[in-house]
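Have a look at the structure below before the remarks.
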Amino acid sequence: MSDIYRDRQRIIQMIFVFAALVLLGKAMYIQVIDTSQRERANATTIGSYTQYPSRGLIYDRFGKLLVNNNPIYDLMVSYNQIDENMDTTLFCQLLDIDKASFVKRLAKDFKNDRRFNKRKPFIFMDKLSSELYAGFQEHLFRFPGFFVQLRNARGYPHQSAAHTLGFLNEVNKNQVAKSKGLYKGGDYIGASGLEKQYEKELRGKKGVKNLLKDNLGRTVGPYRDGKQDTMAISGKDIISSLDLELQAYGELLMQNKTGSIVAIEPKTGEVLAMLSAPGYDPNRLTINRYRSEAFRELLNDTLTRPFHDRSISAKYPPGSIFKTVVSLIAMQEGVLRPDQGYSCSGAYNVKGTGKARKCHQHSYARNTAVALQHSCNTFYFHVIRNILEIQDYYNPEVGLNMFNDYLYQFGLGQTLGVDLPNEKAGNVPTVDFYNYLYRNQGGWKSPTIMSIGIGQGEIEMTTLQMANLAATIANRGYWYPPHLVKGFRNDTTQIPQIYRQKREVKIDDKYYDPVIKGMELVVTSGTGRPTQTPGIPIAGKTGTSQNPHGIDHSVFFAFAPIDDPKIAIAVYVEHGEWGTSYASPMAGLMIEKYLNREISERKKALEQRMIDANLIDNP
């Protein structure tokens, strides 16, 4: 064998030896020195954990916080990692549960229930309070397999506006199924009020943290160094149109009463206050261990029905405040002159029937303004018949259709589109409705239905519609759909387009003058005198809504100041008897509170009388 051949053989042998040493060294490093690869080799799953975002906050129009977030804690457990020798006695003491509850919470049907897996975490105990968590977390290291997941629950710094703000509920199976992966079991969703209406904006966006897990469910480390993790994005903060101080004051006035108050800024349609009484403290429905009991108690209160939002869901006969609309329509259609009067002897006699519709004694209603001042029923029975008989006595359908067309322009007989769920449309009776109602009674004519001319009969409105009507008169013929959101904090997103579109009523501006003058006379020298407020000219109208089941209801709507309206308001007090008894003085107090931010000394006694009145226990 030549020397050259032997040299080549040695070189090749040396290369193989060197390569073998390198591979042996690498294997030794991986298996003996560096354990990360061995740990990753044992990893069999990727655990994805939800990072919950902070829900958007809600503020009032002046920046006062209405809804915030309070931390709550869900105690999670991975069954395979539990130490069977753990101190269960201490564990149960820290969580204020017994051992039977401990066993029950761990006893899942791992074989048949797909929701549970011994290697994957599930909720052992949810909704731990901050206080309970604080005591438990100091000992958490003693209990392998258990860890805490942080989430946010709603908190309310004040006890106001429960119906408007709304509350959260845990999602149900149907909501999860329809969400296309947006929600999963245990998530919370807006269930009422603004929380529901603006759920998309408030909820934010979840994040995801991915971890490598071994075959026993133990965390090995971040998956791909966290490169596929996503951060949670907080929800948008809402600036509501509510004036917290005005809202709370209205709730104080309405304590121990049933009804509602709605106040609107006429030029924008922004809702300044919206309350329903009786109400409830929104803090009772925060997410905690005692919420279910509080929810059942409120739900089962069939006497006061605190969940019923009377401001948008209760349909009431408006009473005499409706005479303002009748006046405007009649003048526009030329069946009533502003200076036209009708005499009243204390009743309106329906010819040929022997029936008389009563009216209270007052001076001669020589024109529209005076008729409104004295709220003359006889005057408006004449006027509504003129409207219904605009063609002739035998064809009231023509007049009713025309009348209703105007009512729809005012937003009556339909929802106004307020940004709250469950708004009702009220009722505007149609020709078809009356044809059906009187189908077995020989039909109907104007005398049959003329009670609608004084806001009784089948006419129904929500308190929101009444306040919007006051705003429309204040604006002399236009309105914006009422809404509760001004904008979003630190965000350029605009409120929905619907709330920025002006709605106009086809009634000439000149016909608003006698109506507004009449409303001014109501306050200065008529049935609305308790509304008077020093230095604030107010236009308003009282109403007494007949109640066939008991004491009549007290109604009032108004706007102020007359020449530059900044607030329009409607007050409806069930069983308040007369408009002047409760609704009128309450409206005056609310107007003064909003415009002056305080109540004058001369009205303190009236204020106290309104606060002290109890119409629930002593109707």
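The values are calculated or read from the model by the stated rules, or taken from the named source; none is laboratory data. No experiment lies behind these values; they were computed from the predicted model shown. Reconstructed Cβ throughout: ideal geometry from the backbone, glycine too, with neighbour counts over all protein chains shown.
Restricted to the stretch 93-132, and to residues that are more than 15 Å from residue 80 (Cα to Cα) and of a type in the set (S, T, N, Q), which residue is surrounded by the fewest Cβ atoms within 10 Å (Cβ to Cβ)? Selected residue: 112. Residues that are part of a loop (DSSP other than H, G, I, E, B) and aromatic (Phe, Trp, Tyr) within the stretch 179-197 comprise just one, 183. Which residues, taken from the stretch 129-149, are of a type in the set (A, V, I, L, M) and in contact (Cβ under 8 Å) with a residue 60 or more places away in the chain? Once the filter is applied, which keeps residues that are of a type in the set (A, V, I, L, M) and in contact (Cβ under 8 Å) with a residue 60 or more places away in the chain, the stretch 129-149 yields only 148. For the stretch 555-602, which residues satisfy the criterion of being in contact (Cβ under 8 Å) with a residue 40 or more places away in the chain, within 19 Å of residue 257 (Cβ to Cβ) and touching an Asp or Glu at 6+ places or on another chain (Cβ under 7 Å)? Within the stretch 555-602, 589 is the sole residue that qualifies.
Take the conditions surrounded by 13 or more Cβ atoms within 10 Å (Cβ to Cβ) and within 22 Å of the chain's Cα centre (by Cα) and apply them to residue 139. Does it pass? Spell out how you get there, then give the answer.
Values: surrounded by 13 or more Cβ atoms within 10 Å (Cβ to Cβ): yes; within 22 Å of the chain's Cα centre (by Cα): no.
In short, no.
The set of residues in the stretch 228-276 that are surrounded by 19 or more Cβ atoms within 10 Å (Cβ to Cβ), under 19 Å from residue 576 (Cα atoms) and out of contact with any helix residue (DSSP H, G or I) (no Cβ under 7 Å at 6 or more places or on another chain) comprises 251, 254, 257, 258, 259. Scan the stretch 175-197 and report the pairs whose first residue is under 21 Å from residue 69 (Cα atoms) and whose second residue is at pLDDT 95 or above and aromatic (Phe, Trp, Tyr), with Cβ atoms within less than 8 Å and a gap of 6+ or a chain change. Final answer for the pair search is 190/198. I want to confirm something. Restricting to the stretch 426-457 and keeping residues that are free of Cβ contacts under 8 Å to residues at least 24 places away in the same chain and outside any helix (DSSP H, G or I), which single residue is farthest from residue 195 (Cα to Cα)? So, considering only residues that are free of Cβ contacts under 8 Å to residues at least 24 places away in the same chain and outside any helix (DSSP H, G or I), the one farthest from residue 195 (Cα to Cα) is 442. Looking at the stretch 144-154, is at least one residue surrounded by 17 or more Cβ atoms within 10 Å (Cβ to Cβ) and either of a type in the set (Lys, Arg) or not assigned by TED's automatic domain parsing to the domain that holds residue 187 (or both)? Checking the stretch 144-154: at least one residue is surrounded by 17 or more Cβ atoms within 10 Å (Cβ to Cβ) and either of a type in the set (Lys, Arg) or not assigned by TED's automatic domain parsing to the domain that holds residue 187 (or both).
Checking each residue in the stretch 500-521 for being in contact (Cβ under 8 Å) with a residue 60 or more places away in the chain and either farther than 28 Å from residue 363 by Cβ or among the hydrophobic types (A, V, I, L, M, F, W, C) (or both) picks out 503, 504, 505, 506, 507, 508, 515, 519, 521. The set of residues from the stretch 34-76 being at pLDDT 90 or above and either part of a helix (DSSP H, G or I) or among the β-branched types (Val, Ile, Thr) (or both) comprises 58, 67. Residue check: residue 617 meets all listed conditions (1) in contact with a Lys or Arg (Cβ under 8 Å, 6 or more places away or on another chain); (2) among the acidic types (Asp, Glu); (3) not assigned by TED's automatic domain parsing to the domain that holds residue 268 but one, namely (1). When the residues of the stretch 570-615 are narrowed to those that are touching a Ser or Thr at 6+ places or on another chain (Cβ under 7 Å) and acidic (Asp, Glu), which ends up surrounded by the fewest Cβ atoms within 10 Å (Cβ to Cβ)? The selected residue is 577.
Let me confirm something: among 525, 600, 584, which residue is in the same structural domain as residue 410 (by TED's automatic domain parsing), closer than 18 Å to residue 470 by Cα and of a type in the set (Ser, Thr, Tyr)? Step through it out loud before you land on a result.
Values: 525 fails: closer than 18 Å to residue 470 by Cα; 600 fails: closer than 18 Å to residue 470 by Cα.
From the options 525, 600, 584, the qualifying one is 584.
Here is a yes/no grid of residues against (1) buried (at least 17 other Cβ atoms within 10 Å of the Cβ); (2) over 22 Å from residue 506 (Cα atoms):
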{"residue": "406", "(1), (2)": "yes, no"}
{"residue": "414", "(1), (2)": "no, no"}
{"residue": "428", "(1), (2)": "yes, no"}
{"residue": "443", "(1), (2)": "no, yes"}
{"residue": "446", "(1), (2)": "yes, yes"}
{"residue": "450", "(1), (2)": "yes, yes"}
{"residue": "455", "(1), (2)": "yes, no"}
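Of the conditions (1) among the aliphatic types (A, V, I, L, M); (2) touching a Gly at 6+ places or on another chain (Cβ under 7 Å); (3) farther than 28 Å from residue 307 by Cβ, residue 165 satisfies every one except a single condition; which number is it? So residue 165 meets the others, but not (3). Mind checking whether some residue in the stretch 348-359 is closer than 19 Å to residue 319 by Cα, out of contact with any strand residue (DSSP E or B) (no Cβ under 9 Å at 6 or more places or on another chain) and either in the same structural domain as residue 460 (by TED's automatic domain parsing) or surrounded by 23 or more Cβ atoms within 10 Å (Cβ to Cβ) (or both)? So far as the stretch 348-359 goes, no, none of its residues is closer than 19 Å to residue 319 by Cα, out of contact with any strand residue (DSSP E or B) (no Cβ under 9 Å at 6 or more places or on another chain) and either in the same structural domain as residue 460 (by TED's automatic domain parsing) or surrounded by 23 or more Cβ atoms within 10 Å (Cβ to Cβ) (or both).
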